[in-house]
Amino acid sequence: MKETHTQRVPATAKGEATRAHLLRTAAAIFAERGYAATTQSDLIAASGLTKGAFYFYFRSKADLALAVLQEQKGRWLTEVGERVLAEPTASQQLRALVPTMLDLISREPAAWSVTRLTRELSADPALAADVSKVPAEWLAFIADVIQRGQADGDLRAGLKPELVAAVLVGAFDGLKDLTDVLEPGDRGGVAFTERVHTFLALVELALVTPA
């Protein structure tokens, strides 16, 4: 029988606040240690809740991790989307993507947990289908920017928007992973920022149509 992953929906403001606290706490721990190295006991202890209170909201570490992914995805799509789409053209929206994401990571280090959690959880067949929905929505958002830019003549035509989006997201996430290896603890620091801006310069040369 296939396992389903559900969380209890709080009915009160206090319940919403407690659930939000759990998500923030878990996101920070997952970003620091990763999913596999974090135990359910670690999460309960860090939250300051009793076991009973923890299990009231999330049945397992996997349920909590999926909720963290969904919450972080919503934040990326909302905060990044609003700032990016405020730009008038697709080429300007593309240019705004990286600075906006860097700003979000600098303000919310727990946002770093998304890539790591996605990779670790997707290795579990029971979770893979739910996990795949998170990057899929992000890819669709960026592909839409690319497609509109191509239609308007701002961005280079002849490339599939979905493939361009996958390359852009994969490169950005890969730079995050590389930073974790080369400069542990320097997330969002100088090295990562310089690498990402270099990546953005290459994207500009490859995709943006000269005025």
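The values are calculated or read from the model by the stated rules, or taken from the named source; none is laboratory data. These numbers were taken from a predicted model, which means no experiment stands behind them. As a convention, Cβ positions derive from the backbone with ideal geometry for all residues, glycine included, and neighbour counts pool all protein chains shown. Remember, those area values only see protein heavy atoms, side chains included, never the ligands or the DNA or RNA. Shrake-Rupley method; radii C 1.70, N 1.55, O 1.52, S 1.80 Å.
Summary of computed values
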read-out: Subset of the range 44-91 (residues that are open to solvent by 40 Å² or more (accessible area, probe 1.4 Å), assigned to a helix (DSSP H, G or I) and of a type in the set (Val, Ile, Thr)); value: THR78
read-out: Entirely in the range 96-183, the helices (runs of 4 or more DSSP H) that have 1 or more residues that are small (Gly, Ala, Ser) and closer than 18 Å to GLU32 by Cβ; value: 113-122
read-out: Where a residue in the range 157-168 is within 10 Å of ILE146 (Cα to Cα) and its partner, wherever it lies, is open to solvent by 70 Å² or more (accessible area, probe 1.4 Å), with Cβ under 6 Å and at least six apart; value: PRO161/GLN147
read-out: Within the range 155-174, tally of residues that are open to solvent by less than 40 Å² (accessible area, probe 1.4 Å) and under 21 Å from LEU85 (Cβ atoms); value: 7
read-out: Enumeration of residues in the range 172-204 that are without any contact (Cβ under 8 Å) to a residue 60 or more places away in the chain and either touching a Phe, Trp or Tyr at 6+ places or on another chain (Cβ under 6 Å) or polar (S, T, N, Q) (or both); value: THR179, THR198
read-out: Test for LEU102: is it over 27 Å from ALA151 (Cα atoms), out of contact with any Cys (no Cβ under 9 Å at 6 or more places or on another chain), modelled with pLDDT under 90 and open to solvent by less than 30 Å² (accessible area, probe 1.4 Å); value: yes
read-out: Qualifying residue in the range 187-208 (condition: under 19 Å from the mean Cα position of the chain (by Cα), within 21 Å of GLU32 (Cβ to Cβ) and exposed (fewer than 13 other Cβ atoms within 10 Å of the Cβ)); value: yes
